[in-house]
Structures are given as C-alpha cells and as structure tokens.
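Single-structure report; data block below.
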Amino acid sequence: MSGKNRAGIDKMNFPFEVRRKFIHIVLGILFSILIYFDLFSLPFWGGILFLGIIFSFIFKKYQLPYISSFILAFERKEEIDHFPLRGALTFLFGSILSYIIFPKFIAISAIITLFLGDSIACLYGIYFGRIKAPWSPKKHLDSAIIGALCSAFLIALFFPLWKGFLAALTAIFFESIVDFGKLPNNLIRLIFDDNVFIPLISGGVLFLLNL
C-alpha cells in the first residue's frame with residue numbers, strides 16, 4: 001500500500017488528521033443538537049464566523065502566544081500559510097448555510113454527512129482504502145461507501161436508511177471528483193470547499209427525495 005492515500009494524506013500524519021476530524025465531529029454533534037432542540041442562534045454563530053474570519057487575518061500576520069501553538073496542532077501547513085482556521089470556519093459556514101436553506105431534519109442530516117460521513121471516509125481511506133477511484137489515485141471508492149453507510153445509520157433517525165445513504169454517497173462521491181486545490185482562486189475554493197459543498201449536496205438530495 002502506498003504511503004499516501006485519500007487527499008494525499010501521509011500515514012505518518014494520521015494522528016494529526018484524527019485531531020482535525022475530532023474537532024469536526026464535536027462541532028457537528030453540537031450543531032446537530034442545537035438545531036434539533038431549536039437552540040441554534042443564527043446571529044450568535046454568524047457573529048462567531050465573522051470574528052473567526054477577522055482572527056484568521058490577524059493570525060496570518062502575527063504569531064500569538066499559546067493560541068498559535070493550539071492552532072498549529074489542528075491546521076495543515078498550507079492552510080496556515082494561506083487561510084488559518086479554514087477548516088473550522090468553512091465547517092461553521094457550511095453548517096450555517098444548511099440551517100438557513102433546509103428544513104430542520106434535512107439540515108441536521110446534511111451536517112451528519114459532513115461531520116461523520118466525510119470524517120470516516122477520510123480516516124478509513126488512510127489505512128484501509130483499497131478500491132482506487134479511476135479519476136484520482138488519492139481517493140478510494142470503498143472509503144466513500146463506508147462513510148456514506150455510517151452517515152445513513154444516523155440519518156435513519158429522521159429518514160429511511162436508503163435515502164440517507166443515497167444523499168451521503170452522492171455528496172461524498174462528488175467531493176472526491178472535485179480537486180479543490182486546483183480551483184482558480186481563493187474565493188471559488190472557499191465557496192466549493194468540501195465543508196461547504198458536502199452538506200449542501202447531501203441536504204439538496206434529501207430535499208429532492210422528500211418532495
């Protein structure tokens with residue numbers, strides 16, 4: 001098996017990727033619970049997103065004691081150089097958009113695909129991915145299926161299992177096709193970041209399936 005796999009992640013960086021995905025899972029569970037109990041405050045989380053973007057620009061120019069070390073533990077080097085906190089901010093942005101666009105249970109399901117399906121697909125692919133995607137040697141078809149299945153079992157709290165699986169698989173599949181790093185500029189890369197792209201595709205498919 002090669003040293004690199006889904007998204008070109010080196011096996012030596014597996015603990016680092018686990019830390020990153022752990023943050024996504026914690027945030028995803030938090031947002032899902034808040035939305036389920038109608039406690040998700042759009043002004044509050046929109047404000048957090050705005051302050052996070054400002055802080056990202058500050059961090060890019062200045063090293064901040066303690067805070068810098070914490071961020072370095074969860075951010076890839078290329079993200080720190082170009083867009084610090086990108087993962088957390090795009091995750092928050094994708095979750096906010098899902099909350100705004102979709103009905104309650106579809107929004108929760110879209111966020112489940114993001115924090116659970118994508119995370120498991122990534123981590124599974126690092127060590128266990130076997131079936132290479134024909135369009136990219138860095139992606140694995142079996143990891144996409146495993147991630148979609150895990151999402152579907154949780155989404156089944158709200159929708160039939162097959163709908164959750166189809167929605168999650170479609171989102172993870174299309175994410176594997178698009179090479180976000182090769183998109184032409186930072187704005188387009190931000191709009192089509194997988195943390196934004198995945199919940200919108202998953203939620204959109206579920207919405208259409210429930211018309």
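Each value in this text was obtained by applying a stated rule to the coordinates, not by laboratory testing. Source: prediction; values computed, not measured. Using ideal geometry, Cβ is built from the backbone for each residue, glycine included, and neighbour counts are taken over all protein chains shown.
What the table below lists for this structure:
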| read-out | value |
| --- | --- |
| Length gained when the stretch Leu42-Ile100 is fully extended (0.36 nm per residue, less Cα-Cα span) | 20.0 nm |
| Flagged links, alpha-carbon separation over 27 Å, of Lys104/Lys132; Lys60/Lys132; Lys21/Lys163; Lys21/Lys104; Lys60/Lys138 | Lys104/Lys132; Lys60/Lys132; Lys60/Lys138 |
| Segment 86-159, dipole about Cα centre (Lys/Arg Cβ +1, Asp/Glu Cβ -1), debye to the nearest 20 | 180 debye |
| Packing-based exposure ordering (other Cβ within 10 Å, fewest first) of Glu175, Glu17 | Glu17, Glu175 |
| Calculated FRET value between Phe57 and Leu211, using beta carbons and R₀ = 35 Å, to 0.05 | 0.25 |
